[in-house]
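Every read-out reported here was derived from the displayed coordinates using simple, explicitly stated rules and does not represent laboratory data. Since this is a predicted model, take the numbers as computed values, not measurements. Cβ placement follows ideal geometry from the backbone for every residue including glycine, while neighbour counts extend to all protein chains displayed.
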Amino acid sequence: MKNNRGQTLVMFVIFLPVLIIIFAGLIEVSTINIEANKLDSINSIAIDYGLDNINDENIKDKLEELIKTNDNKIEQINIKLETNKLSIELTKYKDSIFGKIIGKKNYKIVSKYKGNIKEDKKIIVKG
């Protein structure tokens, strides 16, 4: 009977870096998805509030304050207000955890929501 311990060790040494890279990628993608979900949630709350108070005089300032209260690291806030229509676009940059491995310093995360009021009903659409 042959001793396969040497072969097993070689296979382990070869596949260990591959497994580490796969797990690092999974962690990276998961972190970015969590941040994107948080940004979408903030945007959804803001657009819902904005449609409820669309006739307020300084609704844009209130929306910006609401958004910044929930996340002060949002880089860009674009609010477009028309008659019974509101659209909000939020942009945030998330630093890469394993950026040196994959060559990416940060990720750009964008959340866009549009809403309008038709027949006293709020219609909110992502995108």
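Taking Cα pairs under 8 Å and at least six residues apart, what relative contact order does the chain come out at, in percent? Show your work: numbers first, answer last.
Details: 151 pairs, mean separation 29.0, N = 127.
The normalised contact order for the chain reaches 23 percent.
Quick check: residue separation of K85 and V110 times 0.36 nm, minus the Cα distance between them. What number comes out in nm? Walk me through the intermediate numbers first.
Details: separation 25, 0.36 × 25 = 9.00 nm, distance 2.00 nm.
Extra length from K85 to V110 when fully extended: 7.0 nm.
Ranked highest first by the average count of other Cβ atoms within 10 Å around their residues, in what order do 12-24, 56-68 fall? Present the calculation step by step, with values, prior to reporting the outcome.
Numbers: 12-24: 10.5, 56-68: 14.3.
Ranking, from highest mean packing down: 56-68, 12-24.
Figure the gain on full extension for T8 and I20 (residue separation times 0.36 nm, minus the Cα-Cα span) and round it to one decimal in nm.
Values: separation 12, 0.36 × 12 = 4.32 nm, distance 1.79 nm.
Extending this stretch completely gives an extra 2.5 nm.
Report the gain in length on full extension from D56 to I123: 0.36 nm times residue separation, minus Cα-Cα distance, nm rounded to one decimal. Kindly include the intermediate steps, with their values, before the conclusion.
On the way: separation 67, 0.36 × 67 = 24.12 nm, distance 1.88 nm.
Taking 0.36 nm per residue and subtracting the Cα distance, the gain is 22.2 nm.
Work out the length of the dipole vector of the chain about its Cα centre, built from +1 on the beta-carbon of each Lys and Arg and -1 on the beta-carbon of each Asp and Glu, and round it to the nearest 20 debye. Before the final figure, lay out each step's value.
Working: 21 positive and 17 negative charges, 185 e Å.
The calculated dipole for the chain is roughly 880 debye.
Can you tell me the Rg and Dmax of the stretch 1-77, counting just the alpha carbons, in angstroms?
24.6, 86
Tell me which residues come under 5 Å, amide H to amide H, from S96 once H is placed; ignore anything under 5 positions away on its chain.
N106, Y107
Evaluate E = 1/(1 + (r/R0)^6) for N33 and E65, where r is the Cβ-Cβ distance and R0 equals 25 Å; express this FRET efficiency to the nearest 0.05. The partial results should precede the final answer.
Details: r = 27 Å, r/R0 = 1.08.
Approximately 0.40, to the nearest 0.05.
Determine, at each q value in 0.12, 0.14, 0.18 (inverse angstroms), the log₁₀ of I(q)/I(0) that the Debye formula gives when each Cα of the stretch 5-126 is one equal point scatterer.
-0.56, -0.67, -0.91
What is the sum of charges around A46, taking Lys and Arg as +1, Asp and Glu as -1, for the other residues whose C-beta is under 14 Å from the C-beta of A46? Kindly include the intermediate steps, with their values, before the conclusion.
Values: positive: K38, K60, K62, K68, K80, K92, K112, K114, K122, K126; negative: D40, D48, D52, D56, D61, E64, E65, D71, E89.
Combined, the nearby Lys, Arg, Asp and Glu give +1.
What lysines does K122 reach when the alpha-carbon gap must be under 30 Å and sequence neighbours fewer than 8 apart in one chain are set aside?
Filter leaves K38, K60, K62, K68, K73, K80, K85, K92, K108, K112, K114.
To test your reading of the geometry: what angle, between 0 and 90 degrees and rounded to tens, separates the Cα axis of helix 59-70 from the longest principal axis of the chain?
30
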